Ligand code: UDP
């Protein structure tokens, strides 16, 4: 019987559930029992897509998010309010129930770093805790510095309304630490989520990051080699990744909200080595019709074969006759087994929105990127790819804010025409894969955490 039991709580979004499920798998591989907690709505979707049972040590559970309808869930303000008011009590009840029913006691509660309140529940119950960051360490470090930025006068704070507004005071570049490239204030993660008040998001993210600092561990799905200045400056952040199913023998990516179209792997098998442009923008990014058409035409005029993920909930339509015109040269799928696609030898480059998971998946497979960030931390990730890793290029927008078809074709040619991007990507892949192999820095950090969970080491 497993002696240790870990409860993992994920934020209800695709880009959170996938990496946290992979983290759960690493614990169950070591004989640790895991209860994986989603909100009820997400639990339903995730469990319906779990093909095979993930083994006896993983138990999927759910708690109510306190919201009444899917409409309410689209309202960020309501979601956040319910999350901090309703969910802590529900989680406490669940952990109590687990402890009564199961003789393996809950040794640790792991919070998605976006759900800092979970650490408060663990503290209240006298249980060890860890925060797991599915976004970059750079993002987490920026959020951890939010108060300092207010104190230094870089961000405003409206004390009279008891609201910390968190808006940069001017356009001066912000530098988190000396060894990191300066950052434009407009790309800070809370500044660019359409339909969400930046002040609200700033306050929520700041509080969550502060709560995470109370945990026994702050683990990052990243490696030292990917963000060295951050780990040097913030030693409390501990890289344990990239933890990806693709790097485990025979392991399948789990936690998907949509059914994967595996026929695309057969199509990839028929393509020449390093020939395919893979285009995917994660689970939430959406296009205007004009932008969608430019992308479609840019890919068509590139005259290269491509695979493009167009989600079912994407409301745009292809230009007239497009699918027939591109024919077998363009494979369009609604949801791909992305980690397997990126690991395929036919793929040459990745046009990506630069969500942190996609960024990790691309870098672990030694792929150069064309970066097309949409919201939140994707802008920071794109800056890391282009400026720090130097494995990608960004797109320039025209005066209407559109990335034109000509710009798309030009950047594809530039990226694939200059060997330096692929060489840098392969160099980084080697460093990153070393860090997760036995003896590597991420591997050792993960072992340290697992030993602590199993009571072999104290902290
Ligand atoms: N993904 C996938 N199939 C697709 C597109 C994306 O499996 O067709 C996965 C991808 O591998 C990644 C996750 O969905 O693990 C998206 O996370 P990311 O952080 O890149 O973006 P987000 O969805 O959070 O914007």
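The values are calculated or read from the model by the stated rules, or taken from the named source; none is laboratory data. Predicted model, so just to flag it, every value in this text is computed and none were measured. Counting neighbours? That spans all protein chains shown, and the Cβs are built from the backbone with ideal geometry, glycine included.
Report yes if residue 46 is over 25 Å from the mean Cα position of the chain (by Cα), under 27 Å from residue 253 (Cα atoms), in contact (Cβ under 8 Å) with a residue 40 or more places away in the chain and buried (at least 18 other Cβ atoms within 10 Å of the Cβ), otherwise no. Walk me through how you get there before you give the answer.
Values: over 25 Å from the mean Cα position of the chain (by Cα): no; under 27 Å from residue 253 (Cα atoms): yes; in contact (Cβ under 8 Å) with a residue 40 or more places away in the chain: yes; buried (at least 18 other Cβ atoms within 10 Å of the Cβ): yes.
No; evaluated as a whole, the condition is false for this residue.
Among the residues of segment 343-356, those that are within 11 Å of the ligand (Cβ to nearest atom) and buried (at least 24 other Cβ atoms within 10 Å of the Cβ) comprise 350, 352, 354, 355, 356. Here the condition is being under 21 Å from residue 426 (Cα atoms), in contact with a strand residue (DSSP E or B) (Cβ under 9 Å, 6 or more places away or on another chain) and within 16 Å of the ligand (Cβ to nearest atom); of 274, 222, it holds for 222 alone.
Taking the conditions exactly as written (part of a loop (DSSP other than H, G, I, E, B), within 26 Å of residue 240 (Cα to Cα), in contact with a helix residue (DSSP H, G or I) (Cβ under 6 Å, 6 or more places away or on another chain) and at pLDDT 95 or above), does residue 135 satisfy them or not?
For residue 135, the condition - part of a loop (DSSP other than H, G, I, E, B), within 26 Å of residue 240 (Cα to Cα), in contact with a helix residue (DSSP H, G or I) (Cβ under 6 Å, 6 or more places away or on another chain) and at pLDDT 95 or above - is met.
If you take just the helices (runs of 4 or more DSSP H) that sit entirely in segment 54-106, which of them hold at least 1 residues that are in contact with a strand residue (DSSP E or B) (Cβ under 7 Å, 6 or more places away or on another chain)? Quick ask: steps written out before the conclusion?
Numbers: elements: 70-74, 76-85, 87-101.
Filter on segment 54-106 gives 87-101.
Applying the set (1) touching a residue at least 40 places away in the same chain (Cβ under 8 Å); (2) more than 16 Å from the ligand (Cβ to nearest atom); (3) under 28 Å from residue 194 (Cα atoms) to residue 333 leaves exactly one unmet item: (2). Taking the listed residues 393, 297, the one that is part of a strand (DSSP E or B), more than 16 Å from the ligand (Cβ to nearest atom) and either buried (at least 23 other Cβ atoms within 10 Å of the Cβ) or at pLDDT 95 or above (or both) is 393, with no other qualifying.
Go through 407, 399, 414 for me and flag whichever is in a loop (DSSP other than H, G, I, E, B), under 28 Å from residue 318 (Cα atoms) and either away from the ligand (no atom under 16 Å from the Cβ) or free of Cβ contacts under 8 Å to residues at least 24 places away in the same chain (or both). Let's see the steps before the verdict.
Details: 407 fails: in a loop (DSSP other than H, G, I, E, B); 414 fails: in a loop (DSSP other than H, G, I, E, B).
Matching residue, one of 407, 399, 414: 399.
Output the residues belonging to segment 309-330 that are within 13 Å of the ligand (Cβ to nearest atom) and either closer than 20 Å to residue 414 by Cβ or assigned to a loop (DSSP other than H, G, I, E, B) (or both). Spell out how you get there, then give the answer.
The first filter runs over segment 309-330 and keeps only residues within 13 Å of the ligand (Cβ to nearest atom), leaving 309-314.
310, 311, 312, 313, 314, listed by residue number.
Condition first: away from the ligand (no atom under 16 Å from the Cβ), free of Cβ contacts under 8 Å to residues at least 12 places away in the same chain and assigned to a loop (DSSP other than H, G, I, E, B). Can you find one or more residues in segment 21-41 that meet it? So far as segment 21-41 goes, yes, one or more of its residues are away from the ligand (no atom under 16 Å from the Cβ), free of Cβ contacts under 8 Å to residues at least 12 places away in the same chain and assigned to a loop (DSSP other than H, G, I, E, B).
Here 137, 122, 82 are screened, and the one residue that is more than 16 Å from the ligand (Cβ to nearest atom) and buried (at least 23 other Cβ atoms within 10 Å of the Cβ) is 122. Pick from 153, 166: which is more than 16 Å from the ligand (Cβ to nearest atom), surrounded by fewer than 16 Cβ atoms within 10 Å (Cβ to Cβ), touching a residue at least 12 places away in the same chain (Cβ under 8 Å) and farther than 30 Å from residue 60 by Cα? So the residue among 153, 166 that is more than 16 Å from the ligand (Cβ to nearest atom), surrounded by fewer than 16 Cβ atoms within 10 Å (Cβ to Cβ), touching a residue at least 12 places away in the same chain (Cβ under 8 Å) and farther than 30 Å from residue 60 by Cα is 153. Take the conditions (1) crowded, with 24+ Cβ neighbours inside 10 Å; (2) farther than 19 Å from residue 22 by Cα; (3) away from the ligand (no atom under 16 Å from the Cβ); residue 111 misses just one of them, which is (2).
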